[in-house]
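Notes follow the structure.
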Amino acid sequence: MSKLKTALLLTAIIFITGCKSNMKNEHNISLPQYVTLNTQTLNSSEDKTIRIKAKTLNFPLSSEDLRDISILEKKYDQEENCAGLAAPQIGISKCIIIFAVHEDAELKKWRPDLKDTMPKTIWINPSYKPIGIDKHEDYE
């Protein structure tokens with residue numbers, strides 16, 4: 001099986017199970033705080049986590065990687081209004097993001113151009129390759 005097929009299969013399995021079945025002691029996990037950058041955190045370990053290149057994960061995922069994915073998912077799930085969250089934002093220096101674009105009538109009032117939605121999704125080692133030089137200004 002090719003590396004791409006293996007990666008897609010593992011990503012699908014993680015999405016479907018939500019990593020919950022891989023957590024032996026999930027009730028004892030305390031969720032981390034968000035990493036903040038300001039004059040008080042300058043040169044702290046938090047500051048370094050957000051400023052250095054995050055680690056690329058290897059497949060098959062280690063139990064530590066699965067634990068980190070589960071923590072990221074739980075942190076995302078506890079938020080009321082969160083479009084997405086990257087692992088370095090909570091002090092985990094790994095290339096993992098979680099996001100969703102829900103079908104929401106209220107959101108469409110503010111974003112009438114919203115056409116594509118997506119359920120909660122976890123991406124491991126996401127990358128971006130531009131397909132042109134045009135730029136588009138948008139909200140964050």
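The values are calculated or read from the model by the stated rules, or taken from the named source; none is laboratory data. Small disclaimer: the values here were computed from a predicted structure and weren't measured. Glycine also receives a Cβ, built like all others from the backbone with ideal geometry; neighbour counts cover every protein chain displayed.
Taking every residue in the range 107-120 that is more than 22 Å from E73 (Cβ to Cβ) and pairing it with any residue that is part of a helix (DSSP H, G or I), at least 6 positions away or on another chain, the pairs with Cβ-Cβ distances below 6 Å are L114/K108. Screening E79 with (1) under 30 Å from L107 (Cβ atoms); (2) at pLDDT 75 or above; (3) buried (at least 16 other Cβ atoms within 10 Å of the Cβ) gives one miss only, at (3). Listed by first and then second residue, the pairs with beta-carbon distance under 9 Å, at least 6 apart or on different chains, first residue in the range 77-98 and without any contact (Cβ under 8 Å) to a residue 40 or more places away in the chain and under 15 Å from R67 (Cα atoms), second of a type in the set (K, R) and surrounded by 17 or more Cβ atoms within 10 Å (Cβ to Cβ), are A87/K94; I98/K75. Each residue in the range 94-110 was checked for being surrounded by fewer than 16 Cβ atoms within 10 Å (Cβ to Cβ) and under 25 Å from I50 (Cα atoms), and 1 pass.
Can you work out which of the residues in the range 111-122 that are within 27 Å of L66 (Cβ to Cβ) and of a type in the set (A, V, I, L, M) is surrounded by the fewest Cβ atoms within 10 Å (Cβ to Cβ)? Looking at residues that are within 27 Å of L66 (Cβ to Cβ) and of a type in the set (A, V, I, L, M), I get M118. For the range 46-140, no strands (runs of 3 or more DSSP E) sit wholly inside it while including 3 or more residues that are aliphatic (A, V, I, L, M), over 20 Å from P32 (Cα atoms) and in contact with a strand residue (DSSP E or B) (Cβ under 8 Å, 6 or more places away or on another chain). Within the range 123-138, being in contact (Cβ under 8 Å) with a residue 60 or more places away in the chain and either surrounded by fewer than 10 Cβ atoms within 10 Å (Cβ to Cβ) or out of contact with any helix residue (DSSP H, G or I) (no Cβ under 7 Å at 6 or more places or on another chain) (or both) holds for W123, N125.
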